[in-house]
There are 2 protein chains.
Amino acid sequence: MPSAIPEDSVGLVTHQDFTVEETLPLECGRSLPGYNLRYECYGTLNADRSNAVLLCHALSGDHHAAGYYQPEDRKPGWWEHLVGPGKPIDSRRFFIVCSNFIGSCKGSTGPASINPETGEPWGLDFPMVTVKDWVRTQAALADHLGIGCWAAVIGGSLGGMQVMQWAMDYPGRLRHAIAIAASPRLTAQNIAFNEVCRQAIMSDPDFHEGRYSHFDTKPRRGLSLARMIGHITYLSDDAMRRKFGRETRGGKSFSFGFDVDFEVESYLRYQGSSFVERFDANSYLYITRALDYFDPAAAFDGSLSAAFASIQAPFLVVSFSTDWRFSPERSREIVQALYAAGVDVSYTEIQAQHGHDSFLLPIPQYMAVLRAYLDRVAEETGA
Amino acid sequence: MPSAIPEDSVGLVTHQDFTVEETLPLECGRSLPGYNLRYECYGTLNADRSNAVLLCHALSGDHHAAGYYQPEDRKPGWWEHLVGPGKPIDSRRFFIVCSNFIGSCKGSTGPASINPETGEPWGLDFPMVTVKDWVRTQAALADHLGIGCWAAVIGGSLGGMQVMQWAMDYPGRLRHAIAIAASPRLTAQNIAFNEVCRQAIMSDPDFHEGRYSHFDTKPRRGLSLARMIGHITYLSDDAMRRKFGRETRGGKSFSFGFDVDFEVESYLRYQGSSFVERFDANSYLYITRALDYFDPAAAFDGSLSAAFASIQAPFLVVSFSTDWRFSPERSREIVQALYAAGVDVSYTEIQAQHGHDSFLLPIPQYMAVLRAYLDRVAEETGA
């Protein structure tokens, strides 16, 4: 908790809701009878509406990208390092929008919302949502805000997949695309980790086929395990070694039992149990499935460059050297396909120790690359 | 199921039991009131007892390293590719011994055995066992078999840790040491994976604090999850891509649900559920903890070469290029410490696609390296 809100923060913020009454057709063939998007905005939209930037969040993220809800908040938004006055995504220049995607659990419509047909939470009756569906709802939000064309669409990890989808589906509605620590599709290993996480949740006896709220419980054990597995894949082997090594908790000798001996065990158990308090298990299932399914090349006989043929916006692609969840190799696949599709693309691999988590951290070289690119965006868009 | 047992197999085998009535003091400070080691032997001990080779198994392995129990057996022993007449570990030259370690569940004393004090299965009252304890019991078996000095002690993964422990604790009792796909200690990431596996088992409501047999059940969900996680780490990202890619099961289109869509999901679910039928959950806890605790350098202020100072036996160290569980970097740490300790050491990194699992597979370069080294062993020991 900062004693005062830092001057380089967007400061106190509030969320807003964009509620749509019309039916939303979905990629899976089903539809949603209306939906809500919860979102936040920072900065000021300029007169010619040319300075708007859309941020796309990752698996466990939300619309609260920057600032504080109250001065007492222990933590600011998830991208506070990058978003704010004078920061790389500068709220003095840009009008910055971030919305929680549908299927999540932070205020937008998702499996924990009430199904109007039954008056009960949707649970697993919620229709499958995809990256394409998210982008469509974000475009509706842009219409609502009067934003015909984003100066840039920016996202990391799963957010980077939304950036690609935006550039493919609405080529005339973004001037620049910035995809960070992203992948053009999950590998078999990525899918395997997601599957184990889902099995952990779905095999928890408190899951009740997704109707756990009806039983006034939740699959705590399963969701906690899923988060623990996730955390291992977000950090590099090297980052874990630097952070924890083989240190025992409190420097004690081995217990020769199954309680916590090592610091890394303590860390994981904490991450698992605290996540359960702030995230919905069904949302975890839906979002990991959306990750599995994302594969724009599939509709083009596996040709990513063919999938990218509609793209007009110049791209900045950023990867991190120790990211083994979405490795630099995956980013280079994106870059090569963009290049083959004739897209103006810049690429940087940042030397960073923190694995996939790096995209959330204030790594100087990363900050500098983003700052320089967004200077270009501001110049070209009059922001 | 082979229609006939192949000629290059050790053929039909039977296990034997070595039962010790005396109390076994353990590294943890507790002791076992006697124990059983189940083991198998292939080949013939020569007159001067100089041709005996000890094989050390890994986490889910056992004493059944080669051959068949019955002609109908669907699968031979776990190291059939390497062990047999004319194979790299040649049963025509060597007398080959493999024992199941205590704490496991394949016939040697472990948490599923009866605690003589209570007349009930030990469960979590079983004392913690370590790599050092395993080696001590194997030395007792050597005494029992009249083997004063092994021509070689050989093991992969956790088996490689036993090889190192043998060379440190009984320097005069082995002529050669072969450590394959091993590590001088687990990294924080390794411990983290083990911890998630243990949490999966221990948080299963059917675990009953390890007393599940009393309730006529077992923690199927938890053990299955543990095995699924293990399998992801045994295979390289590349091997998974080659084996499964993003293929959907039966080539079908997406279900837009949470049943199996991808081949890799089907594979993992099968691996998980079949493991539950053949492995004890408590043993999984004990063995992963023994892995966590192994760290010979710790008693020497972190100096592995100091820990290795007692070693006399020449070493062959083998690693595999795509092994990310116990990476080549870990093997090189072993090699450097052996070299610094003045030990005669040979090292090979095998180019192989299959990750950690490679040590079980008939990879030509790997087979050739083992064959050549074991020729040397045979020559020096008169085998």
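For the reader, a short list of remarks on this structure follows.
- What separates the B:Gly148 label point from its copies, with the point 7 Å along Cα to Cβ, is 9.6 nm, written shortest first.
- Lysines whose Cα lies under 18 Å from that of B:Lys87, excluding same-chain neighbours fewer than 8 positions away: B:Lys75
- Distance from the range B:279-344 to the range A:325-383 (C-alpha centre basis), Å: 39 Å
- Here the Kirkwood formula puts the hydrodynamic radius of the range B:193-287 at 14.4 Å, using every distinct Cα pair.
- With a Förster radius of 35 Å applied to the C-beta separation of A:Ala140 and A:Arg241, the computed FRET efficiency comes to 0.15.
- Globularity ratio of chain A, using Cα Rg and 2.2 N^0.38 Å: 0.98
- Partner shielding of A:125-135 amounts to 1, given as the average count of beta-carbon atoms from other chains within 10 Å of each residue beta-carbon.
- Other-copy label distances relative to B:Asp216, 7 angstrom Cα-Cβ extension, nm: 3.2
- If R0 is taken as 22 Å, the Cβ-Cβ distance between A:Lys252 and B:Asp301 corresponds to a FRET efficiency of 0.80.
- Where labels lie 7 Å past Cα in the beta-carbon direction, separation of B:Ser310 and B:Arg74 in nm: 4.4 nm
- Across peptide B:23-30, the mean count of Cβ atoms from other chains lying within 10 Å of each residue's own Cβ comes to 1.
- Relative contact order, percent, chain B [alpha-carbon distance under 8 Å, six or more residues apart]: 18 percent
- Fewest neighbouring Cβ atoms within 10 Å first, the residues A:Thr233, A:Thr14 line up as A:Thr14, A:Thr233.
- Additional length obtainable on full extension of the chain from B:Glu117 to B:Ser273, 0.36 nm per residue less Cα span: 52.8 nm
- Separation of the range B:81-128 and the range A:44-71, taken as the distance between their Cα centroids, equals 59 angstrom.
- GNM result for chain A, Cα springs below 10 Å: residue of A:Val260, A:Val13, A:Val153 fluctuating most strongly: A:Val260
- Our estimate of slack between A:Asp375 and A:Asp216, defined as 0.36 nm per intervening residue step minus the Cα-Cα distance, is 52.2 nm.
- Charges were assigned to the Cβ only: +1 to each Lys and Arg, -1 to each Asp and Glu. The resulting dipole of the protein assembly as shown about its Cα centre is roughly 600 debye.
- On the basis of the beta-carbon distance and an R0 of 45 Å, B:Asn46 and B:Gln351 show a calculated FRET efficiency of 0.80.
- The P(r) of the range B:280-339 has a tail past 16 Å containing 59 percent of all C-alpha pairs.
- Taking each DSSP H run with n ≥ 4 as -39500 (n - 2.57) and averaging over every residue of chain B yields -10500 deg cm²/dmol at 222 nm.
- Under the combined filter of DSSP loop state and at most 10 neighbouring Cβ atoms within 10 Å, the range B:67-138 retains these trypsin sites (Lys or Arg not before Pro): B:Arg74.
- Measuring from each Cβ of chain B to the axis carrying B onto A, the nearest residue and its distance in whole Å come out as B:Pro205, 3.
- Teacher prompt: A:Asn46 distances to equivalent labels in other copies, 7 Å Cα→Cβ, nm: 8.7
- Within straight-line reach of B:Lys106, meaning a Cα separation under 16 Å, sit the following aspartates and glutamates at least 8 residues removed in sequence or on another chain: B:Asp17, B:Glu40, B:Asp62, B:Glu277, B:Asp280.
- Three-way shape call for the protein assembly as shown based on the alpha-carbon gyration tensor, with the a/c threshold at 1.5: prolate
- Set of lysines with alpha-carbon distance to B:Lys252 below 27 Å, sequence-local pairs under 8 removed: A:Lys132, B:Lys243
- Exposed-loop-free span, longest in chain A, where GluC sites (Glu not before Pro) count as exposed if DSSP calls them loop and at most 10 other C-beta atoms lie within 10 Å: A:118-383
- Across peptide B:203-211, the average count of Cβ atoms from other chains found within 10 Å of a residue's Cβ is 2.
- Distance between the modelled labels on A:Arg92 and A:Arg30, one decimal in nanometres: 4.9 nm (7 Å Cα→Cβ projection).
- Prolate/oblate/rounded call for the range A:108-264, Cα gyration tensor, a/c under 1.5 rounded: oblate
- Cα gyration tensor shape of the range A:62-171, rounded if a/c is under 1.5, else prolate or oblate by comparing a/b with b/c: oblate
- Label-to-label distance, A:Asp259 versus A:Leu361, with points set 7 angstrom from Cα along the beta-carbon direction: 3.2 nm.
Read the figures in this text as sums done on the coordinates, not as results from a lab. Please read these numbers as outputs of a predicted model, since none were measured by experiment. Counting neighbours? That spans all protein chains shown, and the Cβs are built from the backbone with ideal geometry, glycine included.
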